[in-house]
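Take a look at the structure below.
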Amino acid sequence: MKPGGRVFHYNSPMSEFHALVPAAGFGARMGNELPKQYLPLAGQPMIFHALNTLCASPEISTVFVVLTPGDTIFHTYDWSRFGDKLQTLYCGGKTRAASVLNGLIASELEPDDWILVHDAARPCLTQAHLAKMIAELRGDEVGGILAVPVADTLKRADADGRILRTEEREQLWQAQTPQMFRAGLLAQALQQCSHVTDEASAVEAMGLQPRLVAGDSSNFKVTYPQDLLLAELLLTGGEKLLRSA
Ligand code: CTP
Ligand code: MG
């Protein structure tokens, strides 16, 4: 594709869908010695839940998980239920963007293949939202992300922690993952723009406009200790509701 221009015709009917889960972070804000992707959550390490949802999708061919090269924890769990669909790549980098780019290169996907990048720390992604985003984006020229419209009133703070002004919340969205792009486009975007906290930012820097697919707030990122309880409730509450139905 031409940087800053329109995308070449990428819509090959042969394109496959793959997922890539960056899991090479430490979870500094969680403040636990065990990296947060391995903290116990609903009877499993946190990362299990995202991998389980992605592996259960009939449209996704492979789920790549990107680990830090020195990771000694991942292999201590039994992942055999996912078979060959789950592939581990020990090539995580210093930043999330570096982990995703390294993983993309190591995955050796075709440039036309779709890649859905999903945080290990978003364990509550539902199969319904995953299917919705694939359905809405599979014919798209650019790709897009799952996101939610901002619900709260937004305040801009000054250096003293006082309100400087109220920001317009119309048309503001919170970016989530998965973020779904063609593998070739995303690798090019991340090579050109490494100081980003999500994939869409790198694609935007090429002058392209990824689509927003409406999800909901249950797909939040587990970041602080208090987030664990909510995630646990959502994951186990769903099971209880199903059992009582
Ligand atoms: N991640 C990664 N490589 C990094 C940093 C982050 O693969 N160098 C992954 C994390 O493991 C996580 C996802 O990117 O699955 C989202 O990042 P975040 O929630 O910020 O996790 P951490 O960076 O581990 O947490 P913190 O920012 O609190 O340190
Ligand atoms: Mg981080």
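Coordinate-derived values only; no laboratory data. Remember, predicted model here, so these are calculated numbers, not experimental data. Every residue, glycine among them, receives a Cβ derived from its backbone with ideal geometry; neighbour counts consider all protein chains shown.
Side notes on the structure shown:
- Residue list for segment 57-73, filter: in contact (Cβ under 8 Å) with a residue 40 or more places away in the chain, among the hydrophobic types (A, V, I, L, M, F, W, C) and out of contact with any His (no Cβ under 8 Å at 6 or more places or on another chain): Val65, Val66, Leu67
- Of all residues in segment 79-109 being more than 29 Å from Gly237 (Cβ to Cβ) and in a loop (DSSP other than H, G, I, E, B), the one that is nearest to ligand 2 (Cβ to nearest atom): Thr95
- Selection of strands (runs of 3 or more DSSP E) fully inside segment 110-212 by the criterion of at least 1 residues being surrounded by 22 or more Cβ atoms within 10 Å (Cβ to Cβ) returns 114-117, 143-149, 173-182.
- Subset tally (residues that are part of a strand (DSSP E or B) and hydroxyl-bearing (Ser, Thr, Tyr)) for segment 213-224: 0
- Conditions (1) closer than 17 Å to Thr223 by Cβ; (2) assigned to a loop (DSSP other than H, G, I, E, B); number of the one not met by Pro69: (1)
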